[in-house]
Amino acid sequence: MDVLDKVTVAYRGATYEIGRGRDYFGVWTVGGSRSQPLEWWPETQEGWSAAWTRFAVLEPPDAITPAGRDTWPGESASAGQRFAPVAGSGRGGAVAALLLLGVGVALGVAGLFRVYLDGSSLASQPDNLIAHVIYLAVWTACAVLIALGGTRLRIGALLATGLSIVTFGLFLADAGTPISGGAHLGGAGLVLSLLGWLACAAGSALAFLQVGSRPLPLARPRGAALGPAVLLVLAGLGAATAFAPAWDSFTLRTAAGQTQTVTAGNAFADPAAVMAGNVILMAALAAVVIVAALWRPARYGAVLLAGATIPMAAQAISALVQVGEATSPTQFGFTPAQVSQLGLTISAGLTPVFWIYCVFVVVLAVSCAWMLFTPRDAAVPVSAEAGPGSGADADPQVPIWHVARADAYEKTGVRSPAPDGDHWGIDEATDSGEFDSYEEFESDNPADSTVRPEARAEAADAADAADAAKEADETR
């Protein structure tokens, strides 16, 4: 009769939990079957340290809590204290980030109703207004997420960071107009909006530091994740490139039937200061997309990517709104008298490059959804050193258990609670799930390998043969 494997959970996070099986330490998905751990390590002090380090990489520090009691055996402080963020003062740092975001949004709202550029306010320009309202709405949502704390703080911080990085180039390009043409071209609305961006960017950075207690968790995509990651990077580079050419197309028609088409909006045809802002925007977008593609877990990279994609989508929406507005011939140097004499009419449209840009932005949005909702691959890294059965000939219908090396995730400075064997009775479970027994194995070198259920009989026969040979030696 098979004996069910008893699992004891020690700590839980937002998505994963860590504990002990019969003779191993393992990581499971919260709420999932405990018959098969996502990763497991030898039941040694080194194995526990490696398991805890891996668990701390998968889960944000403020989401890790003891399962069923306040402290872990051998601890003088909680796990949260051991893995507190290095920047700020815990909750105080999050509060400061929240206040900065609030001030930034308030300044941005005030800037909507004052003169922005060329004697006009943003509120009087629907195409520009809608883009700025989108930025402010997202920063407000990020502030709410940060206020809720826990995993939501990380989501809010990453979303606000991506938005702040990309919008820096947009605000710099706006500031380039009075820088190049004279201070009289700018107004109080521009000043307030720039200060609002600065406050929101500072709040985003501070919130990011609250969850940035370790180096950026970047890793090269492998296996099935490589193709979508490459597609994501190409879409980001494509969107950045398609942002530069002219989007606006204007067709001028006279009463005699003569027509002339002109384009406007080329990023490299603007004054130097405006052009610098556009170039920084394109470079920032490409950089954020690349970092998001490498971020692990991928779902957090998706949040960072969403923050960068939102302002680019807002620019596309702004362009569509502008096409629907009436175009004044005076912006092309014609006086009202000339317009009347020539019977001049102007129709606005968008160039093919704009629609190519929209396709790239849609790909970025779809990539966000893919990274958010695909299975989390971070917990089961596939190593080139994996043992037999993990290659191309492996049967996809037979579950494979990944056995991680005890030294695979060593990290200087990471402290783990001591695995006291007398205090594991926290949360025991005997889920049968897909399997009804635990596959035992013996190895002098438990490096990355796999154990298949059908190998159990062979392992048992080998163990019996070894025992028989040992008894024979003792008898002689």
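Please verify whether the stretch 186-194 includes one or more residues that are of a type in the set (G, A, S), at pLDDT 85 or above and out of contact with any helix residue (DSSP H, G or I) (no Cβ under 6 Å at 6 or more places or on another chain).
Initial filter on the stretch 186-194 (of a type in the set (G, A, S)): 186-189, 193.
Applying the additional criterion that residues be at pLDDT 85 or above yields 186-189, 193.
Still in the list and also out of contact with any helix residue (DSSP H, G or I) (no Cβ under 6 Å at 6 or more places or on another chain): 187-188.
Yes, the stretch 186-194 has at least one match.
Could you list, in sequence order, all residues of the stretch 245-263 that are modelled with pLDDT under 85 and in a loop (DSSP other than H, G, I, E, B)?
Selection gives T254, A255, A256, G257, Q258.
Look through A348, A319, A314, A326 and report the one residue that is assigned to a helix (DSSP H, G or I), within 27 Å of R253 (Cα to Cα) and either over 25 Å from the mean Cα position of the chain (by Cα) or touching a residue at least 60 places away in the same chain (Cβ under 8 Å) (or both).
Details: A348 fails: assigned to a helix (DSSP H, G or I); A314 fails: within 27 Å of R253 (Cα to Cα); A326 fails: assigned to a helix (DSSP H, G or I).
Within the list A348, A319, A314, A326, the selection yields A319.
Identify the residue in the stretch 212-263 that is without any contact (Cβ under 8 Å) to a residue 12 or more places away in the chain and either of a type in the set (S, T, Y) or on the phi > 0 side of the Ramachandran plot (or both) and, among all such residues, is surrounded by the fewest Cβ atoms within 10 Å (Cβ to Cβ).
Applying the filter and picking the extreme gives G257.
May I ask you to list the residues in the stretch 264-298 that are buried (at least 18 other Cβ atoms within 10 Å of the Cβ) and either charged (D, E, K, R) or not in a helix (DSSP H, G or I) (or both)?
Residues satisfying the conditions are G265, W295, R296, P297.
Residues of the stretch 240-284 being of a type in the set (D, E) and closer than 21 Å to G186 by Cβ, which ones? Steps first, answer last, please.
Here is the first cut: in the stretch 240-284, the residues of a type in the set (D, E) are 248, 270.
D270 - this is the single residue of the stretch 240-284 that is of a type in the set (D, E) and closer than 21 Å to G186 by Cβ.
Looking at (1) within 16 Å of the chain's Cα centre (by Cα); (2) at pLDDT below 85, find the lone condition where G223 falls short.
(1)
Which one of these is touching a residue at least 40 places away in the same chain (Cβ under 8 Å), surrounded by fewer than 21 Cβ atoms within 10 Å (Cβ to Cβ) and within 17 Å of W139 (Cβ to Cβ): L185, L159, L192?
None of the other options fit; the residue is L192.
If I ask for residues that are assigned to a helix (DSSP H, G or I) and modelled with pLDDT under 80, which ones from the stretch 48-74 would you list?
P61, D62, A63
Of the residues that make up the stretch 18-33, is at least one under 28 Å from the mean Cα position of the chain (by Cα), among the small types (G, A, S) and assigned to a strand (DSSP E or B)?
Keep residues of the stretch 18-33 that are under 28 Å from the mean Cα position of the chain (by Cα), which gives 18-19, 26-33.
Those left that are additionally among the small types (G, A, S): 19, 26, 31-33.
Filter once more, so that each one left must be assigned to a strand (DSSP E or B): 19, 26.
Yes, the stretch 18-33 has at least one match.
The values are calculated or read from the model by the stated rules, or taken from the named source; none is laboratory data. Quick caveat, the model's predicted, so the values are computed rather than measured. Methodologically, a virtual Cβ is constructed for each residue, glycine included, from the backbone with ideal geometry; neighbour enumeration extends over all protein chains shown.
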